[in-house]
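The values are calculated or read from the model by the stated rules, or taken from the named source; none is laboratory data. Keep in mind the model is a prediction, meaning the values are calculated, not measured. Methodologically, a virtual Cβ is constructed for each residue, glycine included, from the backbone with ideal geometry; neighbour enumeration extends over all protein chains shown. Surface accessibility is based on the protein's heavy atoms, side chains included, excluding ligands, DNA and RNA. Shrake-Rupley method; radii C 1.70, N 1.55, O 1.52, S 1.80 Å.
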Amino acid sequence: MGNVYVADTLNQTIRKITTAGIVSTVAGTPGLIGKHRRHRRRSTLPQASGVAADGTGNVYVADAGNYTVRKITPTGVVSTLAGKAGESGSTDGVGAQARFLGPAMRSTDNSGNVYVGDATIRKINAAGFTSTLAGAVRLSGTTDGISADARFSTPHGLATDSLGNLYVAGLRQQHHSKSHVDRGRQHAGRQGGCLGLDRRQRQ
């Protein structure tokens, strides 16, 4: 087991818990609300709603309050990976061209992709391009299908496995879904959830 990262939403911070049980603040300042993207303590995360780490020590944050996805490097530098602060939507695109309605829990894979639960399931590739992997905007439900034919109801928990599958837990659904990462093939599975750990210790 490795480090655990926690989105401390009400304190507007990201916390880290080591294997020794030591808790520290990785980014954000309690009570400080805004959209700055500087060093760890000066950055602001008004509604951090999900967090995941990759194999190189980067931490990714679903900043629902700013409609963005943030990246925190191992040295504590916070930047905006995708989306534009204060502007919501569902547009696909590179970096600040992308829009999110309310990014929630996220996951990463071994290829450097970041997956985000929005109204749909979004994918941010290593080049920074955000695309819609599965689901349709403003069409919620539990329908199984391929890519845009699938339906989700508040996707809130995501996790990937070593075979390239993406698992999605719906906040208002009593089952979770499984998507093939590359083709967007999705079908319902059993009830369950997910836990995000430092990917370097999950391999």
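If the condition is being open to solvent by 20 Å² or more (accessible area, probe 1.4 Å) and closer than 22 Å to Leu166 by Cα, then region 65-88 contributes Lys71, Leu81. Applying the criterion of at least 1 residues that are surrounded by 13 or more Cβ atoms within 10 Å (Cβ to Cβ) and modelled with pLDDT of 80 or more to the strands (runs of 3 or more DSSP E) found wholly in region 133-192 leaves 155-160, 165-170.
Applying a threshold of 6 Å to beta carbon distances and a minimum spacing of six or more residues, or different chains, the list of pairs starting in region 87-98 at a residue that is over 20 Å from Leu139 (Cβ atoms) and ending at one that is part of a strand (DSSP E or B) and open to solvent by 60 Å² or more (accessible area, probe 1.4 Å) reads Val94/Phe129; Ala96/Lys84. Residues in region 89-110 that are polar (S, T, N, Q) and open to solvent by less than 30 Å² (accessible area, probe 1.4 Å): Ser107, Thr108.
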